[in-house]
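A quick write-up on the structure given underneath.
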Amino acid sequence: MKEIPEIKLVTVPETEEAKKAVGYKWNDEAGTRHKLGGIPDRLCLEEYPNCKDCGQRMTFYAQIDSIGDDYDLADTCAIHVFVCFDCFTTESQLNQI
């Protein structure tokens, strides 16, 4: 398993509709925790999935946060994406962060 250095992602909504969709009225942090690599928020190494093809522990690849009030993922959850760099198998999880 290799670790990818953390790369923070910043949303750039380009239309008025998209600008209204981003963010929460009650929470300034939720909706801003998108990133590539690093360590997933509130998830320990033991919770990383194993590759269904080769059985090796997968590498954390990305965290996609909830978007905002109108597109919330189960009370500000995030999607965690994992990849096996040997098999190029991917898996995602919805986790509370």
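Quick one: which residues, 5 or more positions from Arg57 or on another chain, have an amide H under 5 Å from its amide H? H modelled 1.01 Å from N in the peptide plane, none for Pro or chain starts.
Under 5 Å from the amide H of Arg57 lie the amide H atoms of Cys51, each far enough along the sequence or on another chain.
Apply the Karplus parameterisation 6.51 cos²θ - 1.76 cosθ + 1.60, with θ equal to phi minus 60°, to every residue of the range 24-32 and state each ³J(HN,Hα) to the nearest whole Hz, in sequence, with x for glycine and proline.
10, 6, 10, 8, 7, 8, 4, x, 10
Of the lysine pairs in the chain, how many meet both conditions: Cα atoms under 27 Å apart, and a spacing of 8 or more in sequence or different chains?
The result is 10.
When only DSSP loop residues count, what GluC sites (Glu not before Pro) in the range 20-97 have their Cβ near at most 16 other Cβ atoms within 10 Å? If you can, show how the numbers build up before the last one.
Values: sites: Glu29, Glu46, Glu47, Glu91; in loops: Glu29.
In loop regions of the range 20-97 (DSSP not H, G, I, E or B), the sparsely surrounded GluC sites (Glu not before Pro) are Glu29.
Report which label in [x] 13.5; [y] 14.2; [z] 14.7 holds the value of Kirkwood radius over Cα pairs in Å derived from the coordinates of this structure.
Here Kirkwood radius over Cα pairs in Å agrees with entry [y].
What's the longest uninterrupted piece of the chain once you rule out the chymotrypsin sites (Phe, Trp or Tyr not before Pro) that are loop residues per DSSP with at most 10 other Cβ within 10 Å? Each step should come with its number before you reach the end.
Values: sites that count: Trp26, Phe88.
Longest site-free region, per DSSP loop and neighbour criteria: 27-87.
Calculate for the chain the 222 nm mean residue ellipticity that helices alone would give, adding -39,500 (n - 2.57) per DSSP H run of length 4 or more and normalising by residue count, nearest 500 deg cm²/dmol.
On the way: 1 runs with 6 residues, N = 97.
Taken over the chain, the calculation gives -1500 deg cm²/dmol.
Quick one: what are the phi-derived ³J(HN,Hα) couplings along the range 12-17, Karplus 6.51/-1.76/1.60 with θ = phi - 60°, whole Hz, x for glycine and proline?
9, x, 9, 10, 4, 4
Among Gln56, Val22, Leu43, whose Cα projects farthest towards the positive end of the dipole of the chain, with charges put on the beta-carbon of Lys, Arg (+1) and Asp, Glu (-1)?
Final value for the positive-end residue is Gln56.
Rounded to the nearest 20 Debye, what is the dipole magnitude of the range 7-96 about its Cα centre when Lys and Arg each give +1 and Asp and Glu each give -1 at the C-beta? Spell out each step's value before the answer.
Working: 9 positive and 16 negative charges, 51 e Å.
Result for the range 7-96 is approximately 240 debye, rounded to the nearest 20.
What does the convex hull of the alpha-carbon atoms of the range 43-87 project to on average, in nm²?
So the mean shadow area of the Cα hull is 3.7 nm².
Relative contact order for the range 1-72: what is it in percent, counting Cα pairs under 8 Å that are at least 6 residues apart?
On the way: 104 pairs, mean separation 29.9, N = 72.
Dividing the mean separation by the residue count of the range 1-72 yields 41 percent.
A short reminder: the numbers here are calculations on the coordinates, not readings from a lab. Since we're looking at a predicted model, the values are computed, not measured. Please note: Cβ atoms are built from the backbone with ideal geometry, for glycine as well, and neighbour counts cover all protein chains shown.
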